[in-house]
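Nothing in this text is a laboratory measurement; each read-out follows from the coordinates by a stated rule. The structure displayed is predicted, hence computed values, not measured ones. Please note: Cβ atoms are built from the backbone with ideal geometry, for glycine as well, and neighbour counts cover all protein chains shown.
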Amino acid sequence: MALTATQTEARRRGVGSSELLAALGKDARCTRLELYKRKLGELPELDFSDDERVRFGNLLEPVIRKEVSRRMGVKVVQPRQTLFHPTAPLLGHPDGWMPKLREGVEIKTADKHEAAEFGEEESDQVPIRYLVQCAGYMALTGAERWHLAVLIGGNDLRMYEIPRDAELEEAILVGAREFWSHIETGSPPDPATPEDVKLRWPKDLGTTVIATADIAAACSGLKELKSDLKSLTERVEREAADIKNFMAEGAQLVDADGTLLATWRKAKDSRAFDETAFARIHPQLHQQFMRDVTGSRRFLLK
């Protein structure tokens with residue numbers, strides 16, 4: 001569901017149900033540090049304006065909501081207001097609410113290759129990212145059950161039922177509070193990935209840091225690994241060169257049984273912008289479109 005400007009602003013006041021997995025440190029697509037910086041406005045919100053999958057998902061949501069209503073035989077309304085938890089920094093914008101049942105529905109679209117992530121219909125065997133999101137909505141509404149309607153491959157609508165789980169709900173609320181404490185105190189979560197480290201420490205102060213024994217050992221070990229990697233890379237390049245030399249002008253290589261071993265094909269010709277030539281012929285116009293780029297830190301072992 002595409003959020004309105006008001007709903008987007010409201011997300012700054014807590015953890016959205018769709019953000020819970022990231023807040024818990026379990027989302028491979030977004031780390032806790034990334035989410036922290038987005039909440040503080042230090043990183044921009046993700047832009048899905050050119051993502052056709054998201055666009056068609058938004059277009060199909062009303063259609064799926066209508067079909068859910070038909071299948072379940074109850075009215076499904078789309079809540080407009082942002083829901084806030086009374087005691088935890090948790091908020092959400094459910095895709096659908098069934099007043100008669102006092103239950104909600106989350107609507108998703110998925111590719112065919114994602115079908116294996118889902119279990120039997122009417123079960124609660126769904127990807128953890130959806131399980132946690134639905135649990136968040138139950139914490140917000142007090143519903144005893146949440147439904148997940150997922151349209152797979154554009155023509156296979158599957159319905160799942162997720163019962164309320166008090167233990168999971170408590171873990172989610174504890175995790176949301178712990179994450180939000182970083183926002184309140186201005187103390188970023190610890191980096192969890194190499195990219196997080198760059199994000200956490202984007203610049204240096206020109207100071208010198210004295211290594212501990214463990215860090216000194218890590219530097220030594222890393223130096224050995226890089227040396228081993230260089231040797232392996234050189235070996236890979238030599239082996240590849242021998243194979244390509246054997247193939248000569250051949251496009252593919254097979255063994256005696258005809259099993260494909262390798263291919264070596266020429267890519268299609270392409271066109272590229274010659275910035276150097278453009279700057280030489282149109283120096284003023286080239287300068288007009290130049291912009292400052294923040295430098296990144298470069299790590300070098302000595």
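What is the mean projected area of the alpha carbon convex hull for segment 1-150, to one decimal in square nanometres? Each step should come with its number before you reach the end.
On the way: hull surface 36.9 nm².
With the hull built on Cα positions only, its mean projection is 9.2 nm².
Ordered by packing density, taken as the mean number of other Cβ atoms within 10 Å over each peptide's residues, highest first, how do 147-156, 195-204 rank?
The most tightly packed comes first, giving 147-156, 195-204.
Over all distinct alpha-carbon pairs, what is the Kirkwood Rh of the chain in angstrom?
Details: mean 1/r = 0.0410 Å⁻¹.
Computed over the chain, the radius equals 24.4 Å.
First obtain the Kirkwood hydrodynamic radius of segment 91-161 from its Cα pairs, then insert it into the Stokes-Einstein equation at 20 °C and 1.002 mPa s, and state the resulting D in µm² per second as a whole number.
Numbers: Rh = 12.3 Å.
Reported coefficient: 174 µm²/s.
Please report how far the C-alpha centroid of segment 253-302 lies from that of segment 115-183, rounded to the nearest whole angstrom.
That distance is 43 Å.
About the Cα centre of the chain, what is the dipole size in debye to 20, counting +1 per Lys and Arg Cβ and -1 per Asp and Glu Cβ, all else neutral?
Values: 44 positive and 49 negative charges, 207 e Å.
Dipole size: approximately 1000 debye.
Rounded to whole Å and ordered largest first, report the semi-axes of the equivalent ellipsoid of segment 217-302 derived from its Cα gyration tensor (root of 5λ). Don't skip to the end; give the middle numbers.
Details: eigenvalues 300, 183, 19 Å².
The answer is 39, 30, 10 Å, longest axis first.
Assuming 0.890 mPa s and 25 °C, estimate D for segment 204-263 with Stokes-Einstein, Rh taken as the Kirkwood radius over Cα pairs, in µm²/s.
158
Mean-square fluctuation check for the chain, GNM, Cα pairs under 10 Å: which of GLN81, GLN133, GLN252 is largest?
Answer for the Gaussian network model of the chain: GLN252.
If you place +1 on the Cβ of every Lys and Arg, -1 on the Cβ of every Asp and Glu, and leave all else neutral, what size is the dipole of segment 204-263 about its Cα centre, to the nearest 20 Debye?
Using only the charged Cβ atoms, the result is roughly 220 debye.
In what sequence do LEU260, LEU222, LEU101 fall when counting other Cβ within 10 Å, fewest first?
Details: LEU260 9, LEU222 12, LEU101 16.
Fewest-to-most Cβ neighbours within 10 Å comes out as LEU260, LEU222, LEU101.
Over segment 67-214, with a single point scatterer placed on each C-alpha, what log10 of the ratio I(q)/I(0) does the Debye formula yield at q = 0.08, 0.12, 0.14, 0.18 1/Å?
The computed values of log10 I(q)/I(0) come out as -0.34, -0.65, -0.79, -1.09.
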